[in-house]
1. PRO113: under 10 Å from the mean Cα position of the chain (by Cα) and in a loop (DSSP other than H, G, I, E, B), yes or no?
2. Report, by residue number, each residue of the stretch 88-110 that is assigned to a loop (DSSP other than H, G, I, E, B) and either within 17 Å of ILE211 (Cβ to Cβ) or not charged (D, E, K, R) (or both).
3. Those residues that are farther than 10 Å from ALA109 by Cβ and not β-branched (Val, Ile, Thr), I need them from the stretch 127-140; list them, please.
4. With the requirement that a residue be outside any loop (DSSP other than H, G, I, E, B) and under 14 Å from LYS194 (Cα atoms), what does the stretch 68-87 give you?
5. Can you go through GLU153, GLU202, GLU147 and tell me which one is assigned to a helix (DSSP H, G or I) and charged (D, E, K, R)?
6. Name the single residue, out of those in the stretch 144-170 being more than 9 Å from the chain's Cα centre (by Cα) and hydrophobic (A, V, I, L, M, F, W, C), that is surrounded by the fewest Cβ atoms within 10 Å (Cβ to Cβ).
7. Return yes when LEU122 is assigned to a loop (DSSP other than H, G, I, E, B), modelled with pLDDT of 95 or more and in contact with a Leu (Cβ under 8 Å, 6 or more places away or on another chain) and no when it is not.
8. I'd like to check something: does the stretch 138-148 contain any residue that is acidic (Asp, Glu), assigned by TED's automatic domain parsing to the domain that holds ALA112, over 22 Å from PRO83 (Cα atoms) and in contact (Cβ under 8 Å) with a residue 24 or more places away in the chain?
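The values are calculated or read from the model by the stated rules, or taken from the named source; none is laboratory data. All figures in this text were calculated on a predicted structure; none of them were measured in a lab. Don't worry about glycine lacking a Cβ; one is built from the backbone with ideal geometry, like all the others, and counts go over all protein chains shown.
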Amino acid sequence: MTNAKKAKRQRRDNRPQQRRSGTRNTWLALAALASVLVIVAVVLSSGGGSSATPGAITDLVDPARVSIDRAAGAALQPGEDLPAFSAPSLDGNGSVAWSTFEGSPAVIAIWAPWCPHCQVELPRLASALQDHPSVRLVTIVTAIGQEPGPQPEQYMSDESLSFPVAVDDTDLSLLNGMGVQSFPTTYYVGSDGKVVTSTVGEVDPEQLHAILTQVEAA
């Protein structure tokens, strides 16, 4: 047999093996793709694929765990008592209750983690209150997951904020009871428990210091 005939026969004999090898590689590629799709599906279903997963915290806050001594209504007005309220604490350590802050001038800010004005105003409030140590700060986070944005724990950590945060429930009881229409809504309360004034949205630092001075004297 000539060398040419031997080479031709060898190529012919190798064809089934090449076909088997190509088929095996195709199946391996399909299996790898299927594994990737399964992993992606698991990540998305667990909320790991987005920072805007709705209800990650409010799912845990049943309305039975939240109370406020005021029915849904209009915004609180100057001279009106701040309603007593209690809700789970964002840090997981018990609850945040207004009774803890009564008797001292205080600032109560109601915010949503996806609200860009809230993201600016909360650090500004925390900074301003360093010059007014007698005024205490407590906040209420609500409407979690209604718009894309960070989870409140992540926002607090990113901004190195540590003030008390009460978490509203699935019925938005605190939002409605406080008469909130826009974010952030901030109530400034005197030591007598009455609202001195309120603001909505971002407040100029100079104006903020003037308000806090007024609250200290109330």
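1. Yes, satisfied.
2. If the condition is that a residue be assigned to a loop (DSSP other than H, G, I, E, B) and either within 17 Å of ILE211 (Cβ to Cβ) or not charged (D, E, K, R) (or both), then LEU90, GLY92, ASN93, GLY94, PHE101, GLY103, SER104, PRO105 are the ones that fit.
3. Across the stretch 127-140, the qualifying residues are SER127, ALA128, LEU129, GLN130, ASP131, HIS132, PRO133, SER134, ARG136.
4. Listed by number, the list holds a single entry, ASP81.
5. GLU153
6. Within the stretch 144-170, the match that is surrounded by the fewest Cβ atoms within 10 Å (Cβ to Cβ) is LEU161.
7. Here the answer is no, as LEU122 does not meet what is asked.
8. Yes, because at least one residue in the stretch 138-148 is acidic (Asp, Glu), assigned by TED's automatic domain parsing to the domain that holds ALA112, over 22 Å from PRO83 (Cα atoms) and in contact (Cβ under 8 Å) with a residue 24 or more places away in the chain.
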